[in-house]
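Peer 1: Sharing a structure here in structure tokens format.
The numbers here are math on the coordinates, done by the rules we state, and not lab data. None of these values were measured; they are calculated from a predicted model. Don't worry about glycine lacking a Cβ; one is built from the backbone with ideal geometry, like all the others, and counts go over all protein chains shown.
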Amino acid sequence: MHGALTCYIRHTLTKFGFTINMARTKKVPVVKDKRKSGKSKNVMASSKKRKNRAFAEIRKYQTSTDHLIPKAPFARLVRKVLQSAEMDTGVPCGNYRVTKEFLVCIHEASEVYLTVYFEDINILARHAGRVTIMSKDITTLRQIKRVDSSRVLPK
């Protein structure tokens, strides 16, 4: 009897534009009105918030003069690259002592290089009619600039 009554109530409510979502415990049904357009407003509001948040983040990074890459991980990376270059070339260079000024200089130069690189990739993506950059944009830029990834040091 209880199951038939539930089916009748569900059928009657759906006929008038309501949907019933049963909770997992099946104690109390949750009734929502399909006729109200609140869902579309919420979707528009959330996408608008996302856009505003993205633009605020862009403005924050454009106005700041801080480094985008954290200092400590970048310093570890530079030391690791120096050690691997020593192993690859076979030339015993001893232990490198890296000064703070050297790290700041390399840090600044690498961030400028990466920023310009991604700006060029973004231009290629926009030219293709896209907003999102893809790996094919990177390969196209490498072909344009004739960058060979197998060579790290010039011969």
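Peer 1: Bins of 10 Å, beginning at zero and ending with the bin holding the largest distance: percent of Cα pairs per bin for the stretch 62-126, please.
Peer 2: In whole percents, the pair-distance histogram is 17, 39, 29, 13, 2.
Peer 1: How do Val98, Val78 line up, fewest other C-beta atoms within 10 Å first? All intermediate terms of the calculation are to be shown ahead of the outcome.
Peer 2: Details: Val98 13, Val78 17.
Lowest to highest Cβ neighbour count: Val98, Val78.
Peer 1: Please identify every one of the chymotrypsin sites (Phe, Trp or Tyr not before Pro) in the stretch 84-127 that sits in a loop by DSSP and has no more than 14 other beta carbons within 10 Å of its own beta carbon.
Peer 2: Details: sites: Tyr96, Phe102, Tyr113, Tyr117, Phe118; in loops: Tyr96.
Of the chymotrypsin sites (Phe, Trp or Tyr not before Pro), the ones in loops of the stretch 84-127 whose Cβ has at most 14 other Cβ atoms within 10 Å are Tyr96.
Peer 1: While we're on this one: Which FRET efficiency value, to the nearest 0.05, is calculated for Glu119 and Ser46 with the Förster distance at 30 angstrom and r the Cβ-Cβ distance? Please report the intermediate quantities before stating the final value.
Peer 2: Details: r = 29 Å, r/R0 = 0.98.
With R0 = 30 Å, the Cβ-Cβ based efficiency is 0.55.
Peer 1: Here is a follow-up. Sorting His67, His107 on the 10 Å Cβ count, fewest up front, what's the list? All intermediate terms of the calculation are to be shown ahead of the outcome.
Peer 2: Details: His67 13, His107 18.
Fewest to most other Cβ atoms nearby, the residues stand as His67, His107.
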